[in-house]
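First the structure, in the form of structure tokens, and then the observations on it.
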Amino acid sequence: MEKSRYPKFTFTWIGGIVLLAGLFIGTMAVYFFGSFWKIAFRENLELKDWFLMLTNAAGFLTAIAFFDFFIVRPSTGKKLNFNFSPTNFYTYLLIFPMMIGMMFISEFITSLIPITGPFWGKYYEYFSQLMEKLTLEPVIMIIMTVIMAPLFEEIIFRGIIQKGLMNKGVDPRRAIFYASVIFGLVHGNPWQFVGAVLLGCVLGLVYYKTKSLLLPMLLHGFNNLCSSILVTYTKSESFADAFKISEWIILIIGIVLFSLFYYLFTKKNKVHYAEI
């Protein structure tokens, strides 16, 4: 039997600590460099538009590198490697409408979370201010949310965590759910948590069925691109506000789209590929 060129590593709490350590060290390295630059050249790099982008990239890259060198290579003898193969065009026609359907469903559920009150109001105001700072530079926002986030986050949450759990023997449905919940938690706020978990389940399903990280990356980028466009031109991440329709209509459309294309993707057409 031909050996797979992809390492069959597992994901445990030790792997989680290694990822966090890599993320912390990579992020702090950039901040230390910024502090040194400020002292040596009296220039605050943290005020530069690209500094946040560099910090995120360094954190994610170091986290992935740490997992590769301290977990994957010692346990498998192979370097960390992923399948980024494209698939047939028909599959794309199934997964994008399915993703849109879940985007609509998650918007409705998110709209039920309070944004006013002594606790929720202050929390939402703080969250909104962070989003406003990001939207001040549309080019940086697009690079970070549409390119960097899908690339790095799918490698970590689907390629490392979900795949590592399944390699460990965890039921695929549970592995998809666990990875999605962790994905939601790292967003750090309830409004993005809901969408991250629900959409993460779709991304995890697509990765499980197709075995290619390219597809969830494209779907992730598509979702973030839609959000970026909505925020830039309507100052809201709401499709209902953009189209001037009720959230209930958005929910109904979302349920119909997701149910139909989920059935076509998983049941009728049995989309499933092997990872060689």
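No lab work stands behind these numbers, since they all come straight from the coordinates. Predicted model only: the values in this text are computed from it and were never measured. Backbone-built Cβ (ideal geometry, glycine too); neighbour counts: all protein chains shown.
Return the sequence-ordered ³J(HN,Hα) values of the stretch 231-248 in whole Hz as given by the Karplus equation 6.51 cos²θ - 1.76 cosθ + 1.60 applied to θ = phi - 60°, using x for Gly and Pro.
Result, ordered by residue: 5, 5, 9, 10, 6, 8, 9, 9, 5, 4, 5, 5, 9, 6, 10, 6, 4, 5 Hz.
Check cross-link reach from K235 to the lysines: straight Cα distance under 21 Å, and skip same-chain residues fewer than eight apart.
K122, K133, K244
In sequence order, what are the phi-derived ³J(HN,Hα) couplings for the stretch 109-122 according to the Karplus relation 6.51 cos²θ - 1.76 cosθ + 1.60 with θ = phi - 60°, rounded to whole Hz, with x for glycine and proline?
5, 4, 5, 7, 6, x, 10, 10, x, x, 9, 4, x, 5
Can you work out the FRET efficiency for the pair A21 and D171, with r the C-beta to C-beta distance and R0 = 35 Å, to the nearest 0.05? Mind showing how you got there, number by number?
Details: r = 28 Å, r/R0 = 0.81.
FRET efficiency, A21 to D171: 0.80.
Show which lysines lie in cross-link reach of K38 when reach means a straight Cα distance below 16 angstrom and same-chain residues fewer than eight apart are skipped.
Cα-Cα hits under 16 Å: K48.
Over every pair of different alpha-carbon atoms in the chain, take the mean of 1/r and invert it; report that Kirkwood radius in Å. Can you show the working numbers first?
Values: mean 1/r = 0.0498 Å⁻¹.
Its Kirkwood hydrodynamic radius stands at 20.1 Å.
Taking Cα centroids, how far is the stretch 168-183 from the stretch 61-86 in Å?
Cα centres, the stretch 168-183 to the stretch 61-86: 19 Å.
Can you give the translational diffusion coefficient of the stretch 108-205 in µm²/s, computed by Stokes-Einstein from the Kirkwood radius over Cα pairs at 25 °C and 0.890 mPa s?
Answer from the Stokes-Einstein relation: 166 µm²/s.
Rounded to the nearest 500, what is the chain's calculated 222 nm mean residue ellipticity when only DSSP H runs of at least 4 contribute -39500 (n - 2.57) each, over all residues?
The per-residue figure over the chain is -21500 deg cm²/dmol.
List the aspartates and glutamates whose Cα sits under 13 Å from the Cα of K79, skipping any in the same chain fewer than 8 residues away.
Answer for K79, where 13 Å is the Cα cut-off: D68, listed by chain and number.
Normalised by the residues of the chain, what does the relative contact order come to in percent, with Cα pairs under 8 Å and at least six apart? Could you put the intermediate results ahead of the total?
Numbers: 340 pairs, mean separation 74.0, N = 276.
Answer for the chain is 27 percent.
Apply the Karplus curve 6.51 cos²θ - 1.76 cosθ + 1.60, θ = phi - 60°, to the phi angles in the stretch 64-77 and return the couplings in whole Hz, x for Gly and Pro.
Computed from phi, the couplings for the stretch 64-77 are 5, 5, 4, 5, 5, 6, 9, 10, 5, 5, x, 8, 10, x Hz.
Just the C-alpha atoms of the stretch 56-118: what Rg/Rh do they give, with Rh taken as the Kirkwood radius?
Working: Rg = 19.7 Å, Rh = 16.2 Å.
Expressed as Rg/Rh, it is 1.22.
Based on the alpha carbon coordinates of the stretch 1-81, what radius of gyration and maximum Cα-Cα distance (Dmax) apply, in Å?
16.8, 61
Evaluate 2.2 N^0.38 Å with N set to the residue count of the stretch 142-187, then give the Cα radius of gyration divided by it.
For the stretch 142-187, the normalised Cα radius of gyration is 1.21.
Starting from the amide H of S85, placed 1.01 Å from N in the peptide plane, find each other amide H under 5 Å away whose residue is 5 or more places distant or on another chain.
Answer set, sorted by chain and number: L213, L214.
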